[in-house]
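What follows is a single structure, written as C-alpha cells, with notes after it.
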Amino acid sequence: MAPHALIDTVYEKVVQRNAGELEFHQAVKEVLDTLAPVLDRRPEYVRAGILERFVEPERQLIFRIPWQDDQGQCRVNRGFRVQFNSALGPFKGGLRFHPSVYLGIIKFLGFEQVLKNSLTGLTMGGGEGGSDFDPKGKSDGEVMRFCQSFMTELQHHIGPDTDIPAGDIGVGSREIGYLFGQYKRMRNEFTGVLTGKGLDWGGSLMRTEATGYGLVYMVQEALQAQGKGLDGLTVSVSGAGHVALYAAEKIQQLGGKVVTLSDSSGFIYDPDGIKLDTVKRLKEVQRQRIRAYVTSHKKARYYEGCRGVWGVACDVALPCATQNELDENSARTLVEQGCTVVGEGANMPTTPEAIAVFHGSDTLFLPGKAANAGGVAVSGLEMVQNSQRLSWTLEKADKELKTIMKRIYHDIRQAAREYGCPGNLVLGANIAGFVKVADTMLAQGIV
Ligand code: NDP
C-alpha cells in the first residue's frame, strides 16, 4: 500500500478501535501526518506492520481504587496504566491524578512518551498511568490512603526493569513518597521503581526542576541559532505547577522577564515580573490558587479564565499547563503581537490549528515531545544513579540535562532538514523519535 493510503487506513482504524478517545486520536494523527517521507524511504517498515503495531499499546490496565475519606466514607476511583511500547527499554512515563483522566488521555500521553523517550537517547520505552482522583481539597491522609490503594494494584504490573512511573499533573513529591512507601511495604524491596523520589531515598538532584529548566535550555539553544539570547525578553508562561515554576525560574536566571502564570481558574499578570518566591510559597507550601498572588503584589492583576494568558504581549510563550490550552485564536494573537518562539512545556498544549498558524508565520514552534523531554531525561539519569547506588552532584545532573536538551534540538532540526521540511520541528521530532523505535522493533522481530 502507498504510504499516504496506509497512514489513512491506520488512522481510521485507530479512531474506530478507540472510539471517543479524542486526545489519543489527535496525538496519533499529528504523528502519522508527518511520517509519509519515512515510509517512502523505508518500505520494510510497511511490510513489518510497524505503523499498525506502533499505534497499539502493548498492554492497557484499568483497575478499581477503593479508599476511605476523612469521614469514613468509602470512595471509588478508576486507575489506569497503559504500557505503550517497550522496544527501547522498560516502560517509562508519568502518573496523572486529575478528574478529567480517562483512557483517552492516558493513551495520548503514553503514545507521546514513546517518541519523547526515544529522543532522549536513553534506553526507555513509553507508557503513562493515572486516575480520575482529584487531589485538590483532599487532606494529606486522604491522599495517602488513595495512593496506597492505587499502588496496591499497580505494584503487580511495575518494577525497576519492567515499568518505572513518575509524576505528572497532580502527582508531585508527596504522592511519589506515598506510592513508593506502599510499593516497598508490599514487595519488601527498596528499588528504583519510581522516579521523582526524595533526595534522601534515591531521588536525583535536578529532577524537580528538569522539565522546566530543560524547556528553557532548548529555547535558549533555538534563540542562539538565530544569534539571540533570552536577556531582556518578555516571557508568558501558563500553568503554576512543577513545569511552569521551574521554566519561569530558569528564564529569570537567564535575564528574561516572566510576566504571567495561570491555573485552571485564571491568570496573573505582573508587569514588573512575577516574584517566584511568592508563587512557590502559595502553590508548593500553602496549596492556594494563583489569584492569591495579587493580594501581596499591588501592581499585579488577576483575570478569570486561563486562556486570556495568551493575550498578553510577549517575545516567548511557554504553555506549561495542559493539553489544548492554546488554540488558533490565541496563536494568531501571539503572532500578531510579535512572539518569536513558542516552546511547549506541557504535553500537546497547542491545538493542530494553532500549530498551523505558527508554521505559517515567523514564530518558531518547539513541540513538547522534544521541548519537555528534560523531565524524563533526568528520570532516566535517576534510574542510572539508582542502579549504581550513587548520587550525582547538582552540577553533573544539570550539565547532563543541558547536553541532552541541546542534542535533541539539533537532532530534530537535522531530521526536519533531512526529510525536506527545514524548520518544521514537529515533523523533525516525530521522525527522529520514530525511526529509532521503528528500527528497534524491526530488529526485535514481530512481537
Ligand atoms: P502540576 O500538577 O504541577 O501543575 C499543573 C498546572 O496546570 C496547574 O497550575 C494546573 O492548575 C494547571 N492545569 C491543570 N489542568 C488544567 C486545565 N484543564 N486547564 C487549565 N490549567 C490546568 O503538573 P505539571 O507541572 O507536572 O504538568 C504540567 C504539564 O506538563 C502537563 O501537560 C504534563 O503532562 C506536562 N509534563 C510534565 C512533566 C513533569 O516532569 N512533571 C514532564 C513532561 C511534561 P490547577 O491547579 O487549577 O489544576
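The values are calculated or read from the model by the stated rules, or taken from the named source; none is laboratory data. What you see is a predicted model, and the numbers here were worked out from it, not measured in a lab. Cβ coordinates were reconstructed from backbone atoms using ideal geometry, including for glycine residues, and neighbour counts include every protein chain displayed. Protein only, heavy atoms only, side chains kept; ligands, DNA and RNA dropped before computing areas. Shrake-Rupley method; radii C 1.70, N 1.55, O 1.52, S 1.80 Å.
It is to be established whether one or more residues within the range 415-427 are in contact with a strand residue (DSSP E or B) (Cβ under 8 Å, 6 or more places away or on another chain), buried (at least 22 other Cβ atoms within 10 Å of the Cβ) and not polar (S, T, N, Q). The answer is yes, given that some residue of the range 415-427 is in contact with a strand residue (DSSP E or B) (Cβ under 8 Å, 6 or more places away or on another chain), buried (at least 22 other Cβ atoms within 10 Å of the Cβ) and not polar (S, T, N, Q). So in the range 1-27, with the set limited to residues that are at pLDDT below 95 and either touching a strand residue (DSSP E or B) at 6+ places or on another chain (Cβ under 9 Å) or among the small types (Gly, Ala, Ser) (or both), which one is least open to solvent (accessible area, probe 1.4 Å)? Only one residue tops the list, namely Ala5.
Scanning the range 73-92 for residues that are closer than 26 Å to Val378 by Cα and either within 16 Å of the ligand (Cβ to nearest atom) or in a strand (DSSP E or B) (or both) yields Gly79, Phe80, Arg81, Val82, Gln83, Phe84, Asn85, Phe91, Lys92. Scanning the range 201-238 for residues that are aliphatic (A, V, I, L, M) and more than 16 Å from the ligand (Cβ to nearest atom), we see that the one that is most open to solvent (accessible area, probe 1.4 Å) is Ala225. Mind checking which residues of the range 140-166 are of a type outside the set (Val, Ile, Thr) and open to solvent by 40 Å² or more (accessible area, probe 1.4 Å)? Asp140, Met144, Arg145, Gln148, Glu153, His156, His157, Pro160, Asp161, listed by residue number.
Looking only at residues of the range 365-407 that are polar (S, T, N, Q) and within 16 Å of the ligand (Cβ to nearest atom), we find that the one that is nearest to Leu215 (Cα to Cα) is Asn372.
Could you check Gly198 against (1) farther than 20 Å from Val76 by Cα; (2) more than 16 Å from the ligand (Cβ to nearest atom); (3) open to solvent by 10 Å² or more (accessible area, probe 1.4 Å) and say which number it fails? Only one criterion in (1) farther than 20 Å from Val76 by Cα; (2) more than 16 Å from the ligand (Cβ to nearest atom); (3) open to solvent by 10 Å² or more (accessible area, probe 1.4 Å) is unmet by Gly198, namely (2). Checked across the range 428-440, the condition of being crowded, with 19+ Cβ neighbours inside 10 Å, in a strand (DSSP E or B) and modelled with pLDDT of 95 or more holds for no residue.
Residue-wise test of (1) of a type in the set (Val, Ile, Thr); (2) on the phi > 0 side of the Ramachandran plot; (3) out of contact with any Ser or Thr (no Cβ under 6 Å at 6 or more places or on another chain); (4) assigned to a loop (DSSP other than H, G, I, E, B).
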residue	(1), (2), (3), (4)
Gln16	no, no, yes, no
Ala19	no, no, yes, yes
Glu30	no, no, yes, no
Asp40	no, no, yes, no
Val46	yes, no, yes, no
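Taking Ala354 as the residue in question, decide whether it is under 23 Å from Phe111 (Cβ atoms), in a helix (DSSP H, G or I), open to solvent by less than 60 Å² (accessible area, probe 1.4 Å) and touching a residue at least 40 places away in the same chain (Cβ under 8 Å). Here the answer is no, as Ala354 does not meet what is asked. In the range 242-251, of all residues being open to solvent by 10 Å² or more (accessible area, probe 1.4 Å) and within 19 Å of Val342 (Cβ to Cβ), the one that is farthest from the ligand (Cβ to nearest atom) corresponds to Lys250. For Val259, the conditions (1) buried (at least 19 other Cβ atoms within 10 Å of the Cβ); (2) part of a loop (DSSP other than H, G, I, E, B); (3) in contact with a Cys (Cβ under 8 Å, 6 or more places away or on another chain) are fulfilled apart from (2). Evaluation of Val342 against the conditions (1) within 16 Å of the ligand (Cβ to nearest atom); (2) in a helix (DSSP H, G or I) shows that the sole unmet condition is (2). Annotation: of all residues in the range 311-338 being touching a residue at least 60 places away in the same chain (Cβ under 8 Å) and touching an Asp or Glu at 6+ places or on another chain (Cβ under 7 Å), the one that is nearest to the ligand (Cβ to nearest atom) is Gln323.
Can you confirm whether the range 377-398 contains a residue that is closer than 25 Å to Cys314 by Cα, touching a Leu at 6+ places or on another chain (Cβ under 6 Å) and either in a loop (DSSP other than H, G, I, E, B) or not assigned by TED's automatic domain parsing to the domain that holds Leu35 (or both)? No, the range 377-398 has no match at all.
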